[in-house]
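Structure, as structure tokens:
Each value in this text was obtained by applying a stated rule to the coordinates, not by laboratory testing. Note that the coordinates shown come from a computational prediction; the quantities given were computed from them, not determined experimentally. So basically every Cβ, Gly included, is an ideal-geometry build from the backbone, and we count neighbours across all protein chains shown.
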Amino acid sequence: MAATFTVELNEVKTLTPNVKHFCFRRVDNTTLPFIPGQFVSIHFPHEPKEIRRSYSIATIPTQTDDIEFAASYVAGGFASERLFALKPGDQVAMSGPYGRLILREEEAPKRLWLIATGTGVTPYRAMLPMLAEKLQNTSLQVILLLGVQYRQDGLYLDEFLAFANQHANFLFRVYYSRDDLISQKAYEYKGYVQLAFTDLNPIKGEDIVYLCGNPHMIDEAYAWLKDEKQFEAQDVRREKYVS
Ligand SMILES: Cc1cc2nc3c(=O)[nH]c(=O)nc-3n(C[C@H](O)[C@H](O)[C@H](O)COP(=O)(O)OP(=O)(O)OC[C@H]3O[C@@H](n4cnc5c(N)ncnc54)[C@H](O)[C@@H]3O)c2cc1C
């Protein structure tokens with residue numbers, strides 16, 4: 001297991017009515033080495049045994065040494081109630097980094113699909129500098145799809161839209177499962193994020209798909225890719241957000 005260290009809350013920003021962005025600093029003033037796509041665990045004291053919850057690292061490594069993540073508030077949730085009550089200066093125990101939802105240097109797919117629901121988009125935020133490098137290869141297309149319920153739930157949209165403006169081979173869409181979408185913008189779509197599959201047509205042997213966030217979305221998307229498009233486990237990387 002990775003080492004445990006103490007972090008101090010530096011800043012909290014409200015991203016959506018239900019999601020906050022937390023910025024922590026290690027009290028030993030060292031930087032956490034991590035690969036974009038990985039996550040950390042927070043260890044909450046609890047008898048007879050501490051309780052841990054995991055959060056994908058949202059930090060853009062070229063911008064800050066803080067350990068940042070975005071957390072959705074689950075009413076009555078063990079970690080949610082404690083995290084959302086933290087004030088700058090408060091300390092918690094953290095361990096990591098963990099996880100294998102990372103970009104692979106050696107792979108050269110035609111299209112890289114990065115699909116998320118809600119805070120599941122944070123690993124892809126952390127990947128932006130690496131994606132910028134990869135996108136210099138103009139025969140690669142990166143497709144980033146974010147699914148949320150309502151317009152108010154979109155997170156980091158300005159950053160992804162700015163990135164899309166800078167890179168012609170980066171496609172960014174947001175899917176809203178419950179919004180009426182009056183005066184729809186070019187990047188906005190109605191329905192579940194998986195709808196993009198029928199439209200953009202993933203191809204086995206050419207495309208690699210990353211799925212992060214809601215376990216139902218991940219199971220449905222993976223089942224469709226397997227059954228309809230003959231994708232295999234090695235073509236699809238999954239990170240399910242479960243407690
Ligand atoms: C690898 C990994 C990475 C993760 N990264 C993130 C992240 O970046 N951001 C983030 O917000 N969460 C993330 N999660 C989920 C997170 O670890 C917690 O599960 C979540 O914060 C809820 O914990 P809790 O203790 O507040 O709720 P709990 O006390 O564990 O749950 C209370 C109840 O709410 C349900 N529940 C749990 N999670 C949700 C949810 N998201 N929405 C609705 N109901 C829920 C549970 O089934 C349970 O019935 C990640 C999980 C994993 C495994």
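Considering only Cα-Cα distances, which of the following residue pairs are longer than 26 Å: 110/229; 110/226; 20/110?
20/110
Based only on other Cβ atoms within 10 Å, what is the fewest-to-most ordering of 57, 115, 143?
If I rank by nearby Cβ atoms, fewest first, I get 143, 57, 115.
Quick one: what are the phi-derived ³J(HN,Hα) couplings along region 88-101, Karplus 6.51/-1.76/1.60 with θ = phi - 60°, whole Hz, x for glycine and proline?
Each residue of region 88-101 in turn: x, x, 5, 10, 9, 8, 9, 9, x, x, 10, x, 10, 7 Hz.
Per residue of region 103-113, in order, report the coupling 6.51 cos²θ - 1.76 cosθ + 1.60 (Karplus, θ = phi - 60°) as ³J(HN,Hα) in whole Hz, putting x for Gly and Pro.
For region 103-113, the Karplus-derived couplings read 6, 10, 3, 6, 8, 10, x, 6, 10, 10, 9 Hz, x marking Gly and Pro.
Quick check: pseudo-label points 7 Å beyond the Cα along Cα→Cβ at residue 161 and residue 199, how many nm apart are they?
1.6 nm
Measure nothing but the geometry: give the 0 to 90° angle between the long axis through the Cα atoms of 157-166 and the longest principal axis through the Cα atoms of the chain, rounded to 10°.
Once rounded, one gets 50 degrees.
To the nearest µm²/s, what D does Stokes-Einstein give for region 111-240 at 20 °C and 1.002 mPa s, using the Kirkwood radius over alpha carbon pairs as Rh?
This corresponds to a translational diffusion coefficient of 145 µm²/s.
Based solely on C-alpha atoms, express the radius of gyration and the Dmax of the chain in angstrom.
Cα radius of gyration and Dmax of the chain are 18.0, 55 Å respectively.
For the chain, with a Gaussian network of springs between Cα atoms less than 10 Å apart, report the residue from 160, 172, 78 with the top mean-square fluctuation.
78
Roughly what would the spin-label model give for residue 110 and residue 50, points 7 Å off Cα along C-beta, in nm?
4.8 nm
Using the alpha-carbon atoms, what tilt in degrees (0 to 90, nearest 10) does helix 215-229 show relative to the longest principal axis of the chain?
Roughly 30 degrees between the two axes.
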